[in-house]
Each structure stands twice: as structure tokens, then as C-alpha cells.
Amino acid sequence: MKDTTSILNINRKDEYYNKIAFISLLSYAQEPSYVSDLFGGVGGFMAETKLKFPGVPAEIFEMDPLCLEVLKAKDIPDCSIIPGNCLELFHAKPDSGVIADFNLMTLKRAQVEFHDFLYSMFRSRIKWLILTDSAGAKLHINYPIYGCSSPKLFDYITRWNAWLRPFGYHIQKWQRPHFRSVLFLITSKEDDNVSSW
Ligand SMILES: C[S@@+](CC[C@H](N)C(=O)[O-])C[C@H]1O[C@@H](n2cnc3c(N)ncnc32)[C@H](O)[C@@H]1O
């Protein structure tokens with residue numbers, strides 16, 4: 001898989017389990033003033049978000065032409081479809097909720113390649129961010145790269161929190177739907193409990 005691989009070419013079972021994890025995290029998210037889904041795919045996460053926050057205006061980014069056709073056909077209410085690269089087009093809004101279902105994201109990438117992109121969200125004081133991380137698949141090999149002393153997921157999440165805290169954010173909840181993905185609910189609430197079901 002690459003950064004730009006379309007959701008239409010991703011394992012259906014992984015997509016299904018990720019969506020269940022997303023719904024669980026969303027149940028803890030407070031109502032935002034606006035929702036931005038950066039890697040919209042075919043709108044599975046956005047459709048769930050609209051069920052929970054029906055009155056909240058939204059935007060969904062996607063660059064794959066076939067996914068864009070599906071999104072147009074779905075016609076999600078009060079949701080603008082923005083064709084193109086979210087890394088260039090997205091501007092975070094204060095008090096908003098942001099969904100970032102990255103194909104490939106790790107703490108190292110957050111700290112280096114995506115530092116400015118993520119920092120601009122935190123500087124804009126977004127209400128929450130639901131982010132998909134894929135380091136889990138190779139954590140048993142790569143854990144020293146992230147400064148972890150063991151391959152345990154909890155250790156990795158602790159490293160993520162150490163990086164997020166100076167921005168005033170932290171992982172409030174997390175879900176591991178399968179070995180390739182962990183989803184985080186990142187909020188600014190100062191609550192050190194890292195938990196899951
Ligand atoms: C993991 S899928 C998202 C699935 C989505 N959560 C759903 O419910 O359908 C990631 C999607 O992001 C798109 N994508 C990748 N890089 C992008 C970028 N820079 N800007 C916009 N879309 C991008 C891909 O085409 C892919 O469909």
C-alpha cells in the first residue's frame with residue numbers, strides 16, 4: 001500500500017474493522033462546530049459522523065476519481081466534496097473535528113514529514129482529531145525508532161503522548177481493530193487516562 005492508494009483497493013475486512021473502531025471513538029467525541037474528513041475514501045467515516053452530528057456542516061477531501069464518483073452519488077447532506085490533495089487544500093478551523101484516516105502513518109512520520117501539517121491543526125485549536133496509525137504492523141521490528149523500550153503498543157502510545165503534550169493535546173482513547181491499524185481520538189482535554197475496550 002502507498003500513501004495515495006484508494007480505499008477501493010484496500011482490504012475490505014480491514015476497512016470494516018477500522019470503521020467499527022472509528023464508531024467507537026466517535027462515541028467519545030464532543031460535538032464540533034465543523035467536521036473535516038481529510039482522506040475521505042467513499043465516505044464511510046463521514047456517513048457515521050453525520051449520523052452522530054447531523055446538524056454540523058462538513059467537508060470531505062479525496063483525490064481518487066472513482067472514490068469521488070461514489071461520494072457524489074452518496075450525496076451526504078451538508079457536506080462539501082473537495083477533489084484534490086488535502087495536504088495542500090486543507091485549512092483547520094477552531095473548534096472543529098478532524099478525521100485523518102491515513103493509509104500510512106507512524107509517530108516518526110508525524111514528527112518529521114507531517115509535523116507542520118499536524119501542528120497547524122493544533123495551533124488552530126481543533127476540538128478533536130481521529131487519526132489512523134499503521135506502525136503496529138512492524139512495531140516488533142521498529143519499536144526502537146520510536147524511542148520505545150519494548151514492542152508493546154502501550155509503550156508506543158506513551159511516546160505519541162509525549163510528543164503531543166507540548167501542543168496541548170493527548171490521546172484520550174484508542175482502538176486497535178487489527179494488527180495493521182490503531183485509531184486514536186486526540187483531544188486537548190487534560191486527562192491522562194489512556195484506555196480502550
Ligand atoms: C484509508 S482510505 C480512507 C477511507 C475512508 N475513511 C472511508 O470511510 O471510506 C484513504 C483515502 O485517502 C485518499 N488519499 C490519499 N492521499 C490523499 C491526499 N493527499 N488527499 C486526499 N485524499 C487522499 C485515498 O485515495 C484513499 O481513498
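Kindly indicate whether Thr4 is touching a residue at least 40 places away in the same chain (Cβ under 8 Å), within 12 Å of the ligand (Cβ to nearest atom) and not in a helix (DSSP H, G or I). The answer is yes for Thr4. State which residue is modelled with the lowest pLDDT when the search covers only the range 51-66 and only residues that are out of contact with any Cys (no Cβ under 6 Å at 6 or more places or on another chain) and away from the ligand (no atom under 12 Å from the Cβ). So, considering only residues that are out of contact with any Cys (no Cβ under 6 Å at 6 or more places or on another chain) and away from the ligand (no atom under 12 Å from the Cβ), the one modelled with the lowest pLDDT is Gly55. Taking the listed residues Leu71, Leu104, the one that is within 12 Å of the ligand (Cβ to nearest atom), in contact with a Gly (Cβ under 6 Å, 6 or more places away or on another chain) and among the aliphatic types (A, V, I, L, M) is Leu71, with no other qualifying. Exactly one of (1) within 12 Å of the ligand (Cβ to nearest atom); (2) in contact with a Leu (Cβ under 7 Å, 6 or more places away or on another chain); (3) more than 19 Å from Arg180 (Cα to Cα) is unmet by Glu88. Its number? Here Glu88 meets the rest and fails (2). The single residue among Ala162, Ala135 that is surrounded by 19 or more Cβ atoms within 10 Å (Cβ to Cβ) and farther than 26 Å from Leu51 by Cα turns out to be Ala135.
If you go through the range 151-190 and keep only what is in a strand (DSSP E or B), in contact with an Asp or Glu (Cβ under 8 Å, 6 or more places away or on another chain) and touching a residue at least 40 places away in the same chain (Cβ under 8 Å), you end up with Gln172, Pro177, His178, Ser181, Val182, Leu183, Phe184. Among the residues of the range 35-56, those identified as of a type in the set (A, V, I, L, M) and out of contact with any Ser or Thr (no Cβ under 6 Å at 6 or more places or on another chain) are Leu38, Val42, Met46, Ala47, Leu51, Val56.
The values are calculated or read from the model by the stated rules, or taken from the named source; none is laboratory data. This structure is a prediction, so every number in the text was calculated from the model and none was measured. Because the Cβ atoms are built from the backbone with ideal geometry, glycine has one as well, and the counts that use them run over all protein chains shown.
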